Amino acid sequence: MKIPYIHIPVVEIPLGKNVKLFMKREDLVHPEISGNKYWKLYFNINKYLAKNPEKPYIITFGGAFSNHIAAVSALGKIAGIPTLGIIRGEELKDKWRENPTLSFARKNGMNLQFVTREEYRHKEKLTEFLQKEFPQALVIPEGGTNDDAVEGVKMMLNDQTKDFDYLCTAVGTGGTVAGITKFCEENQKVIGFKAVSDSSLENRISQLTSRENFSLIDAAFGGYGKINDENIRFINDFKRDYGIPLEPIYTGKMMEKIFEMINKEYFPENSKILCFHTGGLQGIEGANMLLKKQNRNLII
Ligand SMILES: Cc1ncc(COP(=O)(O)O)c(C=O)c1O
């Protein structure tokens with residue numbers, strides 16, 4: 001993986017309020033390995049390939065609509081490395097063709113192994129087993145979060161990001177917010193918007209970064225992966241008003257929460273707020289598939 005030559009734009013989201021809101025469009029870093037996924041995989045892959053494994057092989061984990069699974073499969077195809085995805089939910093074994101994320105992964109050549117939710121819960125055991133079975137393989141944890149991922153997130157920070165008072169990102173497994181916290185300027189405050197209701201996140205993030213200049217805010221809106229009508233309306237209005245697409249699991253919920261906080265005057269006057277668009281737009285198709293089945297409004 002190379003550092004992309006494209007310049008990642010930081011764009012203003014004009015609000016006409018007493019704070020300034022900007023977005024860094026990390027979603028544009030790569031068409032298929034998008035946003036934070038690119039940077040979380042960056043050192044993982046480069047360090048692994050630098051060891052010159054004879055037969056490189058990547059194994060990773062994810063749910064049915066996982067952005068990480070989509071990204072790793074695309075990376076495997078581009079780099080010519082075989083990939084294996086351990087997918088949560090045995091019931092998907094006969095239904096993966098209906099799922100846009102899993103179909104995309106298969107099209108990229110990823111082998112899919114479906115496991116029960118119970119087996120998936122014991123991922124550490126599975127990882128141990130797989131690493132023994134395939135000693136030459138790179139086994140990347142769910143969501144790609146590990147120390148090398150945190151290191152990679154450093155690349156999302158540069159001169160463009162230094163002058164902001166607040167840095168905001170969506171949180172799933174915590175690697176992205178940990179990287180931003182670890183490598184941002186000392187005076188900057190980091191806010192992680194939790195897409196998952198997981199009380200262990202705070203500790204995990206503290207372990208990944210040695211700093212404490214972050215806070216977490218619940219932005220799960222009823223639970224991970226749950227999408228309410230207001231979430232859909234917000235995403236569609238945001239795209240219409242600012243021309244920026246958001247997906248409903250992470251970035252849509254984060255932006256909705258930030259708007260709510262700005263309206264409630266959470267941020268002091270004249271604050272400069274930067275939120276990271278962490279990509280994952282491939283998830284819109286899968287979300288729309290479910291919404292259509294429920295006869296609900298779709299994400300445009
Ligand atoms: C689009 C998007 N944003 C944010 C996140 C959260 O990142 P992390 O798992 O590092 O907390 C994810 C999950 O990887 C994601 O797919």
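Quick notes
- Tallying residues that are within 16 Å of the ligand (Cβ to nearest atom) and out of contact with any strand residue (DSSP E or B) (no Cβ under 8 Å at 6 or more places or on another chain) within segment 250-273 yields 2.
- Segment 274-300, subset at positive phi and crowded, with 22+ Cβ neighbours inside 10 Å, residue nearest to the ligand (Cβ to nearest atom): G280
- Members of segment 62-78 that are within 15 Å of P31 (Cβ to Cβ), open to solvent by 10 Å² or more (accessible area, probe 1.4 Å) and near the ligand (Cβ under 10 Å from one of its atoms): N67
- Matching residues in segment 152-171 - criterion: being near the ligand (Cβ under 8 Å from one of its atoms) and either hydroxyl-bearing (S, T, Y) or open to solvent by 30 Å² or more (accessible area, probe 1.4 Å) (or both): T169
- Enumerated helices (runs of 4 or more DSSP H) restricted to segment 172-262, each holding at least 3 residues that are surrounded by 19 or more Cβ atoms within 10 Å (Cβ to Cβ) and of a type in the set (G, A, S): 175-183
- Strands (runs of 3 or more DSSP E) lying entirely in segment 69-153 (those with 2 or more residues that are under 19 Å from the mean Cα position of the chain (by Cα)): 83-88, 138-140
- Residue match in segment 215-222 (condition: free of Cβ contacts under 8 Å to residues at least 24 places away in the same chain and within 13 Å of the ligand (Cβ to nearest atom)): no
- Tally, over segment 110-140, of residues that are in contact with a Ser or Thr (Cβ under 7 Å, 6 or more places away or on another chain) and either at positive phi or within 16 Å of the ligand (Cβ to nearest atom) (or both): 1
- All conditions in (1) within 16 Å of the ligand (Cβ to nearest atom); (2) surrounded by 14 or more Cβ atoms within 10 Å (Cβ to Cβ); (3) not polar (S, T, N, Q) hold for P31, with the sole exception of (2).
The values are calculated or read from the model by the stated rules, or taken from the named source; none is laboratory data. Remember, predicted model here, so these are calculated numbers, not experimental data. Neighbour counts are summed over all protein chains in view; Cβ atoms, including those assigned to glycine, are modelled from backbone coordinates with ideal geometry. These accessible areas exclude ligands, DNA and RNA; they are computed on the full protein's heavy atoms, side chains included. Shrake-Rupley method; radii C 1.70, N 1.55, O 1.52, S 1.80 Å.
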